[in-house]
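Everything below concerns the one structure shown next.
The values are calculated or read from the model by the stated rules, or taken from the named source; none is laboratory data. Nothing here was measured: the structure is a model prediction, and the numbers come from that model. In this analysis, Cβ positions are derived from the backbone assuming ideal geometry, glycine residues included, and neighbour counts consider all displayed protein chains. Quick note on the areas: whole protein, heavy atoms, side chains included, nothing else; ligands and nucleic acids left out. Shrake-Rupley method; radii C 1.70, N 1.55, O 1.52, S 1.80 Å.
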Amino acid sequence: MPQQLLIIGFVWPEPNSSGAGTRMLQLIELFLKQGWKITFASAASDSEFMFDLTNLGVEKVAIAINDSGFDDFVKALQPTIVLFDRFMVEEQFGWRVAEQCPNALRVLDTIDLHSLRIARQKATKEQADFHLDDLFSDTAKREIASILRCDISLLISEMEVELLQKHFKIDQSLLYYLPFLVDAIDQETIQSWLSFEERKDFIFIGNFLHEPNWNAVQYLKEAIWPLIRKELPEASMQIYGAYPSQKVLQLHNPKERFLVLGRAKNAFEVVSKARIVLAPLRFGAGAKGKLIEAMQCGTPSVTTSIGAESMHGNLAWSGSIADDPEAIAKAAVVLYQNQISWKQAQQNGVVIVNERYERSFFEIDFMAHLASLQNNLAPHRNANFMGAILLHHTTASTKYMSRWIEEKNKK
């Protein structure tokens, strides 16, 4: 009998809109490959661009927060593993899962450390240096509590694993590094790429519901693009992304060759035609799907230390890393004009993907790790007594608040 996985999503996956959507689809495909039966549940509204999970054989179920109907649903389903997509989802549904399916392995996919991203965002807006003490916020308390309540949390960044262990004293047994999972880049793929001469222009691509992306585009428009345009007046800066707001669209300026083009019908296609990906991210966390995608397209990138964080290990970056407007612009111009440097950057991207993200390096170990946790669940939970305490008190407080809201909604 196949194992049953229940994924509770913050939103319905949109792999063409965000790195988080791509990541979720990679996890779904991994479990399907093992022959698992998957149900994906979410309290979010349907969206025009959500992936059709039913085409993969995944059951799609709409649920509601503060609704005891979820208890009946999950009890009848009896999943062997429940995966929470972001800590806010675990806050809403984790206690219900623990009550109705106590033997189900509870897995949290952090996507990125929200507390880290928000602390960096605050420092950037205040034009202050970021310090680790900035992490100890209310968001961090919620996020760390969620990690402790779960049996295992998936991290997409090695730096974040280290941060959780060193600064929040989370035991290593509760954390698992699982990066983006992609196919190796083979020679056939490399030969299909457009050449240096066949490509032109710069590109930025990202979901504008994600604040770091909007901030990066502002930064590009105001501080970086004028410097690049002075050196490369024939080049254009193409801005693509899902859910652009009016403030994003207002940056469109054909005279300055700064083009806000909205959602890309095919992200791989537009990135593959560009010569350089520009991603001057000033804050953020996790790993950047847009930069993995650039490497898969053979498109070198210029990004910041935040953008490249924990993505390339000790390997040379697929382009350049710089942290102030002048340095970013200079690196972008050099890479745009120098074919030898550009080809080396492209090759660096191939090495990074093939040595750090190739799915076969991770899939077997990850599934074996989950099986080991399932087979040793009682001692694993006993060793995490702080998590048991948090689950006990969270269940008591959240449960009765939720019940109160549910009764109030009936009136």
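A few points about this structure:
- Leading residue by the ranking (most open to solvent (accessible area, probe 1.4 Å)) among those in the stretch 177-188 that are in contact (Cβ under 8 Å) with a residue 60 or more places away in the chain and not acidic (Asp, Glu): Ala184
- Qualifying residue in the stretch 91-98 (condition: part of a loop (DSSP other than H, G, I, E, B), open to solvent by 10 Å² or more (accessible area, probe 1.4 Å) and touching a strand residue (DSSP E or B) at 6+ places or on another chain (Cβ under 9 Å)): no
- A count restricted to the stretch 1-31 and to residues that are open to solvent by 50 Å² or more (accessible area, probe 1.4 Å) and either in contact (Cβ under 8 Å) with a residue 12 or more places away in the chain or in contact with a strand residue (DSSP E or B) (Cβ under 7 Å, 6 or more places away or on another chain) (or both) stands at 6.
- Taking (1) open to solvent by 40 Å² or more (accessible area, probe 1.4 Å); (2) modelled with pLDDT under 95; (3) basic (Lys, Arg) in turn, Arg86 satisfies each apart from (1).
- Residue count for the stretch 378-397, restricted to those that are part of a helix (DSSP H, G or I), under 30 Å from the mean Cα position of the chain (by Cα) and modelled with pLDDT of 65 or more: 12
- Tally, over the stretch 113-156, of residues that are more than 19 Å from Glu211 (Cα to Cα) and among the hydroxyl-bearing types (Ser, Thr, Tyr): 2
- Each residue in the stretch 231-244 was checked for being in a loop (DSSP other than H, G, I, E, B), surrounded by 15 or more Cβ atoms within 10 Å (Cβ to Cβ), more than 21 Å from the chain's Cα centre (by Cα) and not hydroxyl-bearing (Ser, Thr, Tyr), and 2 of them qualify.
- Residue check: Leu164 meets all listed conditions (1) within 27 Å of Ser372 (Cβ to Cβ); (2) without any contact (Cβ under 8 Å) to a residue 12 or more places away in the chain but one, namely (2).
- Among the numbered conditions (1) within 22 Å of Ser305 (Cα to Cα); (2) modelled with pLDDT under 95; (3) within 21 Å of the chain's Cα centre (by Cα); (4) surrounded by fewer than 19 Cβ atoms within 10 Å (Cβ to Cβ), the only one that Asp112 does not meet is (4).
- Single residue of Gln34, Gln78 found to be open to solvent by 50 Å² or more (accessible area, probe 1.4 Å) and at pLDDT below 95: Gln34
Here's the yes/no breakdown for (1) without any contact (Cβ under 8 Å) to a residue 60 or more places away in the chain; (2) on the phi < 0 side of the Ramachandran plot; (3) surrounded by fewer than 16 Cβ atoms within 10 Å (Cβ to Cβ); (4) of a type in the set (Val, Ile, Thr):
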position	(1), (2), (3), (4)
Asn348	yes, yes, no, no
Val353	no, yes, no, yes
Arg356	no, yes, no, no
Phe361	yes, yes, yes, no
Ile364	yes, yes, yes, yes
Met367	no, yes, yes, no
Ala371	yes, yes, yes, no
Gln374	no, yes, no, no
Leu377	no, yes, no, no
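- Among the candidates Ser305, Ser310, Ser320, residue that is out of contact with any Gly (no Cβ under 7 Å at 6 or more places or on another chain) and within 17 Å of Phe180 (Cα to Cα): Ser310
- Any hit, the stretch 297-307, residues being more than 27 Å from Leu154 (Cα to Cα) and either in contact with an Asp or Glu (Cβ under 9 Å, 6 or more places away or on another chain) or modelled with pLDDT under 95 (or both): yes
- Here the condition is being open to solvent by 50 Å² or more (accessible area, probe 1.4 Å), within 16 Å of Gly19 (Cα to Cα) and out of contact with any Ser or Thr (no Cβ under 7 Å at 6 or more places or on another chain); of Lys273, Lys265, Lys247, it holds for Lys265 alone.
- Exactly one residue out of Asn103, Asn66, Asn55 is assigned to a helix (DSSP H, G or I) and either surrounded by fewer than 20 Cβ atoms within 10 Å (Cβ to Cβ) or at pLDDT 95 or above (or both), and it is Asn55.
- 1 or more residues under 20 Å from Asn213 (Cα atoms): qualifying helices (runs of 4 or more DSSP H) within the stretch 251-367: 267-273, 289-296, 305-308, 325-337
- Extreme residue, least open to solvent (accessible area, probe 1.4 Å), among residues of the stretch 38-48 that are out of contact with any helix residue (DSSP H, G or I) (no Cβ under 9 Å at 6 or more places or on another chain) and not polar (S, T, N, Q): Ala44
- Single unsatisfied condition, Pro254 versus (1) touching a strand residue (DSSP E or B) at 6+ places or on another chain (Cβ under 9 Å); (2) more than 17 Å from Ser17 (Cβ to Cβ); (3) free of Cβ contacts under 8 Å to residues at least 40 places away in the same chain: (1)
- From the options Ile224, Ile144, Ile228, Ile170, residue that is hydrophobic (A, V, I, L, M, F, W, C), in a helix (DSSP H, G or I), in contact (Cβ under 8 Å) with a residue 12 or more places away in the chain and farther than 21 Å from Ala308 by Cβ: Ile144
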